[in-house]
Each structure stands twice: as structure tokens, then as C-alpha cells.
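Take a look at the structure below.
The values are calculated or read from the model by the stated rules, or taken from the named source; none is laboratory data. Fair warning: this is a prediction, and the values are worked out from it, not measured in the lab. Methodologically, a virtual Cβ is constructed for each residue, glycine included, from the backbone with ideal geometry; neighbour enumeration extends over all protein chains shown. Keep in mind that these areas ignore ligands, DNA and RNA; they rest on the heavy atoms of the full protein, side chains included. Shrake-Rupley method; radii C 1.70, N 1.55, O 1.52, S 1.80 Å.
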Amino acid sequence: MSLFWTFSRQLFFQQSAYRLNFWMEMLGLFLQLYVVATLWRVLFEQTPASFGAMSLNQMITYAVLGMLIGSVLSIDDGVHTYIQTQVRMGMITSDLMKPVDFMLHMMARNFGLMVTRVCFFLLPPLVAAYFLFDLMLPGPVEALAFVLALLQAWVILFFCNFLFGLISFKTLDLLGFMFTYFALVRFASGQIIPLWMYPDVLQPLLYALPFQAVFYTPLGIFTGVFSGAVIWQNLLIQTAWIFGLFLLARLIWTRIHRHLVVQGG
């Protein structure tokens, strides 16, 4: 466990060292928040019946929080991009030689990145967005469930990205798959468009994928789309996805590691 915190702390300091990058990313984030809030406000005022029982305040909270969570649960930069870079540069051996399980090592690095982004790109912008866009706030139980759902969402996304990154051991590069993967996650996770707004024929497929547990579950809890027993039911579904993805990632990584051949040195 001490190694886990060591790797996490190392990445925290590494990520917090680039101040110009931080302010530029913060500026871009607030521009995105303004755009999505304005877009959903216009759409709601034109066709309020399309949003069912959702209020305008709920919808703007959903859209703004989706952008903020997306800045923490990033699919642009994560364990998959790190594995791809290490494999392509031939540096993956330095990770494999560390006296710690490879998957645990990758999770520790990703945890440090997540903590950094929560401190810088979620909490301060969330407070600012609350006053700028008049966001709704959940009750104490829903807030606790939201934090738990967000933590489980990070674990689920880590395993999805880890599995995606393992492809680079076979192809050396993920560029050919990146666009499809990014589009699939954004489309099927409910980050931008709530799942209940998709056509009925698509919804069973989207609910059967793990990506809806990454964004739609925490967003649904925070905005009141889920309530009562439905909240705990969705948390249990997240837990089931964690166990399933962990077993799948462990199985595939074991097979890849068993047949891995490192040349040179």
C-alpha cells in the first residue's frame, strides 16, 4: 500500500508542476461549461416537452456537471495513453521490472492523476459553476451516494482504459482505435446526452455497456434522476462492473505477460 501512495504522490506533484497548462485548461473548461449551459437552455426553452419531468435547472446541472466530471474521468489522457507510449518507446520494461504488480502500479499512477484533477478541475470549478449557473444541490444522502458513485466510476473507467491500452502490446499503437474508443465512450456514457433521451431501440444496448456506469450513474444521482432504492441499485451495478472488469483485465494481462518477449537491452 505504501508503494501505491508513493506512485500516486509522484504523479500528483508531476501534474501540479505545469502552471501555464493548468490555467489554459481551466479557461477551456469554463468555455465548455458556458457553451453546454447555453445550448441546453436554448433547447429546453424551445421544446420543454422533450425533457419529460426534468426541469431546466436539473438539465443545466446535468450538462455542467457532466463536463466537470469529464475533466476528472478523462479518456484523452490516462493509463491507456501511458501504456501505449511506454510500449512504443520500448520503456515498458522499466515498469515491468518494478517490484509491484503491473496493474496495481498503473492504478496508483492513475489515482494520483485523478486526485490532482479533483483538486484542481472539479472542486473549484464546481463552486464557481454553482454561482454562475445556479446549479441544484443534492441532499446529504444523495451527495454521499454521488461521491461513492464517482469513486466507483473512476475504477470502472480505469479498467476500461487499461483493457484498451493492452491492445498496444499487439499493435504498438492505439491511434487507429482512439477515435472509435473516444466516440463510443462519449456516446454511450451519457456524459453529454442523458441516456433516456436516446431512441428506445438503442437504450437496452447502452445500459448493457459499462460506460453508462461511468457518467450516467453519478450524474443521475446528483441531479435527482435516480432516487430511493434506484440509487443503491445503480451503485450495486457499478460494483458488479468493477468485479467483472477486474477479472477480465487480470485474465487478459496474465495471458499477454506470459507471452511477452522483450528484445534488445
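Pull out all pairs, ordered by first then second residue, where Cβ-Cβ is under 7 Å, the residues are six or more apart or on different chains, the first lies in the range 41-69 and is under 30 Å from Cys119 (Cβ atoms), and the second is charged (D, E, K, R) and surrounded by fewer than 19 Cβ atoms within 10 Å (Cβ to Cβ).
Asn57/Asp134; Ile60/Arg41
If only one of Phe22, Phe4, Phe44 is among the hydrophobic types (A, V, I, L, M, F, W, C), at pLDDT below 65 and assigned to a helix (DSSP H, G or I), which one is it?
Unique residue meeting the criteria: Phe4.
Filter the range 196-207 down to the residues that are open to solvent by less than 60 Å² (accessible area, probe 1.4 Å) and out of contact with any helix residue (DSSP H, G or I) (no Cβ under 7 Å at 6 or more places or on another chain) and list them by number.
Within the range 196-207, just Leu202 meets the criteria.
Quick check, is Gly190 among the small types (Gly, Ala, Ser), out of contact with any His (no Cβ under 6 Å at 6 or more places or on another chain), assigned to a helix (DSSP H, G or I) and surrounded by 15 or more Cβ atoms within 10 Å (Cβ to Cβ)?
Spelling it out, it is not the case that Gly190 is among the small types (Gly, Ala, Ser), out of contact with any His (no Cβ under 6 Å at 6 or more places or on another chain), assigned to a helix (DSSP H, G or I) and surrounded by 15 or more Cβ atoms within 10 Å (Cβ to Cβ).
Being surrounded by 13 or more Cβ atoms within 10 Å (Cβ to Cβ), assigned to a helix (DSSP H, G or I) and of a type in the set (Gly, Ala, Ser) is true for just one of Ala145, Ala183. Which residue is that?
Ala145
Restricting attention to the range 54-104, which residues are surrounded by fewer than 15 Cβ atoms within 10 Å (Cβ to Cβ), of a type in the set (Gly, Ala, Ser) and assigned to a loop (DSSP other than H, G, I, E, B)?
Within the range 54-104, Ser55, Gly90 meet the criteria.
What number of residues in the range 109-132 are of a type in the set (A, V, I, L, M, F, W, C), open to solvent by less than 60 Å² (accessible area, probe 1.4 Å) and within 20 Å of Tyr62 (Cα to Cα)?
The qualifying residues number 6.
Tell me, yes or no, whether the range 93-103 has at least one residue that is under 20 Å from the mean Cα position of the chain (by Cα) and not basic (Lys, Arg).
Yes, some residue in the range 93-103 is under 20 Å from the mean Cα position of the chain (by Cα) and not basic (Lys, Arg).
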